[in-house]
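Below is one structure; the comments refer to it alone.
The values are calculated or read from the model by the stated rules, or taken from the named source; none is laboratory data. Note that the structure is a prediction, hence the values are computed from the model and not measured. No Cβ is skipped: glycine too gets one built from the backbone with ideal geometry, and neighbour counts run over all protein chains shown. The protein model used for the area step is the full one, side chains on, heavy atoms only, and it has no ligands, DNA or RNA in it. Shrake-Rupley method; radii C 1.70, N 1.55, O 1.52, S 1.80 Å.
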Amino acid sequence: MLDADFFRRWMTATAASVAHEAERLTALDSPIGDADHGSNLHRGFTAVAAVLEKEAPDTPGAVLILAGRQLISTVGGASGPLYGTLLRRTGKALGDAAEVSEEQLTDALRAGVDAVMTLGGAAPGDKTMIDSLVPAVDALAESFTAARAAADEGALATTPLQARKGRASYLGERSIGHQDPGATSAALLIAALATAAEAPEATDV
Amino acid sequence: MSDEKLVGIVLVSHSAAVAASVAELAQGLAGAGATVPVAPAGGTEDGGLGTSAELISAAAASVDRGAGVAVLTDLGSAVLTVKALLAEGDELPAHTRLVDAPFVEGAVAAVVTASTGADLAAVASAASDAYAYRKE
């Protein structure tokens, strides 16, 4: 079973990973976006890590809802409401249980991804974060490791696609040949799930 | 008419200058009718290009006279941020509505309509109708 500590580790691991990869995300966002994806997400997840430390919500759902709220208010670009909605909706789907199963997490994350697709109007193949999130949720039924691999593959598979959403869509065929920064950061979020699962259960005893 | 509650208008752009200029343009073209509360919410809090949930919430609160608030936006993250704030439930005044309208033309239509004392539905409808005005 997964408790609030697991979900805090997930968010903390995401923040660390985004900080580490911020320059690469911004470099990916440079040819087809407005070159701020890494810095925007870094600002957002730094705020997430800070608020979780301060407020220490005690259920999985509350951790994700608080994290999502922070992203919406601090990111400043489209990734804020998109990631914010993903986490908030996933958190709401988890309810107020103190612990959730991996199966419940999978179902909740699927609800979160569906909410992102509704908000942004993107479908698989549009060269967005959806292209790594959808295969990741499908693979999560198997294991966290499988989800990480599926998200990475999904992000890589955006390279030959033509963007149909967001600023990159205005570039038409010139968006082809560049890996999507949103799908790449979404793969970091999923990889952090696996990291949280691998971390020692309790380091404070 | 003087104590009538008017619909408030919030103009959300990626650029503080664009939001402020469109607000000025719309108010200037509204003429001598009642003064509509209009607030720009442009750019990020540190003055950069982008969208700020905090600026949007503050702008909406500042124009709320109890008759509802119509929010008009420009691009991508402005639309998504307002939708996400509406989904939060308590971040924007009650009866706040994201209006599907062209930014400049919609803002003018919304402010002129609101100045007549029209309700939120009529303001939103007038702003959306601006899409039908073709330029060729």
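Before moving on, here are some points about what is shown:
- Of all residues in the stretch B:11-27 being open to solvent by 60 Å² or more (accessible area, probe 1.4 Å) and out of contact with any Phe, Trp or Tyr (no Cβ under 9 Å at 6 or more places or on another chain), the one that is nearest to B:S77 (Cα to Cα): B:A17
The rows are residues; the columns are (1) part of a helix (DSSP H, G or I); (2) modelled with pLDDT under 95; (3) surrounded by fewer than 20 Cβ atoms within 10 Å (Cβ to Cβ); (4) over 13 Å from the mean Cα position of the chain (by Cα).
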{"position": "B:A87", "(1), (2), (3), (4)": "yes, yes, yes, yes"}
{"position": "B:L92", "(1), (2), (3), (4)": "no, no, no, no"}
{"position": "B:R97", "(1), (2), (3), (4)": "no, no, yes, no"}
{"position": "B:E105", "(1), (2), (3), (4)": "yes, no, yes, no"}
{"position": "B:V108", "(1), (2), (3), (4)": "yes, no, no, no"}
{"position": "B:V111", "(1), (2), (3), (4)": "yes, no, no, no"}
{"position": "B:A118", "(1), (2), (3), (4)": "no, no, yes, yes"}
{"position": "B:A122", "(1), (2), (3), (4)": "yes, no, yes, yes"}
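- When A:G38, A:G125, A:G112, A:G80 are screened for being crowded, with 21+ Cβ neighbours inside 10 Å, farther than 18 Å from A:A191 by Cα and either within 14 Å of another protein chain (Cβ to nearest Cβ) or small (G, A, S) (or both), only A:G80 passes.
- Figure legend. Inter-residue proximity from the stretch A:9-21: first residues more than 15 Å from A:R43 (Cβ to Cβ), second residues open to solvent by 10 Å² or more (accessible area, probe 1.4 Å) and among the β-branched types (V, I, T), beta-carbon distance below 7 Å, spacing 6+ or different chains. Indicated pairs: A:A13/A:T195.
- B:P40 satisfies every condition listed in (1) open to solvent by 10 Å² or more (accessible area, probe 1.4 Å); (2) outside any strand (DSSP E or B); (3) away from chain A (no Cβ under 12 Å) except (2).
- Test result for B:A130, more than 12 Å from the chain's Cα centre (by Cα) and within 30 Å of A:K92 (Cβ to Cβ): no
- All of (1) of a type outside the set (K, R); (2) assigned to a loop (DSSP other than H, G, I, E, B); (3) open to solvent by 20 Å² or more (accessible area, probe 1.4 Å); (4) free of Cβ contacts under 8 Å to residues at least 40 places away in the same chain hold for B:G31 with one exception: (4).
- Answer from A:T90, A:T106, A:T85 - the residue that is within 24 Å of A:A47 (Cα to Cα), more than 10 Å from every other protein chain (Cβ to nearest Cβ), open to solvent by less than 20 Å² (accessible area, probe 1.4 Å) and not aliphatic (A, V, I, L, M): A:T90
- Among the residues of the stretch A:164-205, the ones that are at positive phi and either at pLDDT 95 or above or assigned to a loop (DSSP other than H, G, I, E, B) (or both) come to 2 in all.
- Residue check, B:A70 out of contact with any Asp or Glu (no Cβ under 6 Å at 6 or more places or on another chain) and over 25 Å from A:I65 (Cα atoms): yes
- Test: A:A150 is under 30 Å from B:D46 (Cβ atoms) and touching an Asp or Glu at 6+ places or on another chain (Cβ under 9 Å): no
- Those residues of the stretch B:58-78 which are within 14 Å of chain A (Cβ to nearest Cβ), open to solvent by 20 Å² or more (accessible area, probe 1.4 Å) and more than 12 Å from the chain's Cα centre (by Cα), in sequence order: B:A58, B:L75, B:G76
- Scanning the stretch A:134-163 for residues that are part of a loop (DSSP other than H, G, I, E, B), surrounded by fewer than 16 Cβ atoms within 10 Å (Cβ to Cβ) and of a type outside the set (G, A, S) returns A:E142, A:T159, A:P160.
- Among the numbered conditions (1) within 14 Å of another protein chain (Cβ to nearest Cβ); (2) among the basic types (K, R); (3) in contact (Cβ under 8 Å) with a residue 24 or more places away in the chain, the only one that B:K83 does not meet is (3).
- Among the residues of this structure, B:L49 counts as one that is within 14 Å of chain A (Cβ to nearest Cβ), among the aliphatic types (A, V, I, L, M) and part of a loop (DSSP other than H, G, I, E, B).
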